[in-house]
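The values are calculated or read from the model by the stated rules, or taken from the named source; none is laboratory data. This is a predicted model, so every value here is computed, not measured. With ideal geometry, Cβ positions are generated from the backbone for all residues, glycine too; neighbour counts draw on all protein chains shown.
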Amino acid sequence: MKTLRIVTAAALFASALLFQSSVRADSEEDRIDALLHQSGYTYEKRAEGVWVVPQKGDSLGDFKVIVAQGEGLVVIFVIVAKKDQMDMGLGLATRMLSMNHEFDRVKVGTDDDGDAFVRLDASLRSMDATEMKEDIHQVAASADEAYSGIKPYLH
């Protein structure tokens with residue numbers, strides 16, 4: 001009988017944790033959706049935890065800022081060039097490293113697929129609509145400038 005109570009208590013505790021995690025994920029997603037709405041940007045939800053904000057730059061033309069959510073973190077990024085478009089060598093790598101120093105609040109690099117990105121990671125806990133708007137603007141402006149900077153290394 002004591003074993004049954006322990007097993008039942010453990011199952012209830014595990015269920016509560018799973019429910020709490022699910023509710024938290026839903027509320028984080030709802031919060032990001034609300035922040036995007038309040039920021040005034042046109043956006044589209046593409047998948048669970050993923051939104052697309054269309055932008056237009058002087059160098060990059062029409063492009064998409066991606067907003068992704070996961071475990072209290074908001075990742076805002078733009079793919080500025082695909083791997084097969086780049087001549088990755090010392091010149092491009094040095095230029096991308098220099099942009100990390102030149103640009104405020106963003107990272108410039110390559111992802112696991114070898115694509116060039118501009119990215120900002122932020123805590124959802126302290127984010128408001130003004131911060132969301134500024135972060136998206138910062139990523140978009142930096143992506144447009146990054147593209148201009150790496151353009152000589154593209155084919």
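So the values come out like this:
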read-out: The one condition in (1) in contact with a Phe, Trp or Tyr (Cβ under 7 Å, 6 or more places away or on another chain); (2) part of a helix (DSSP H, G or I) that Gln138 fails to fulfil; value: (1)
read-out: Residue match in segment 81-95 (condition: farther than 19 Å from Ala143 by Cα, of a type outside the set (Ser, Thr, Tyr) and out of contact with any helix residue (DSSP H, G or I) (no Cβ under 9 Å at 6 or more places or on another chain)); value: yes
read-out: Residue within segment 45-52 that is modelled with pLDDT of 95 or more, part of a strand (DSSP E or B), β-branched (Val, Ile, Thr) and in contact with a Lys or Arg (Cβ under 7 Å, 6 or more places away or on another chain) present; value: yes
read-out: Members of segment 24-63 found to be touching a residue at least 60 places away in the same chain (Cβ under 8 Å) and acidic (Asp, Glu), listed by number; value: Glu28, Asp58
read-out: Elements of type strands (runs of 3 or more DSSP E) contained in segment 63-134, each with 3 or more residues being touching a strand residue (DSSP E or B) at 6+ places or on another chain (Cβ under 7 Å) and closer than 28 Å to Ala34 by Cβ; value: 73-81, 116-123
read-out: Tabulated pairs, segment 103-130, first farther than 17 Å from Leu60 by Cα, second among the β-branched types (Val, Ile, Thr) and part of a loop (DSSP other than H, G, I, E, B), C-beta under 6 angstrom, 6+ apart or interchain; value: Leu120/Val106
read-out: Residues within segment 25-54 that are within 18 Å of Thr130 (Cβ to Cβ) and either among the charged types (D, E, K, R) or surrounded by 12 or more Cβ atoms within 10 Å (Cβ to Cβ) (or both), tallied; value: 13
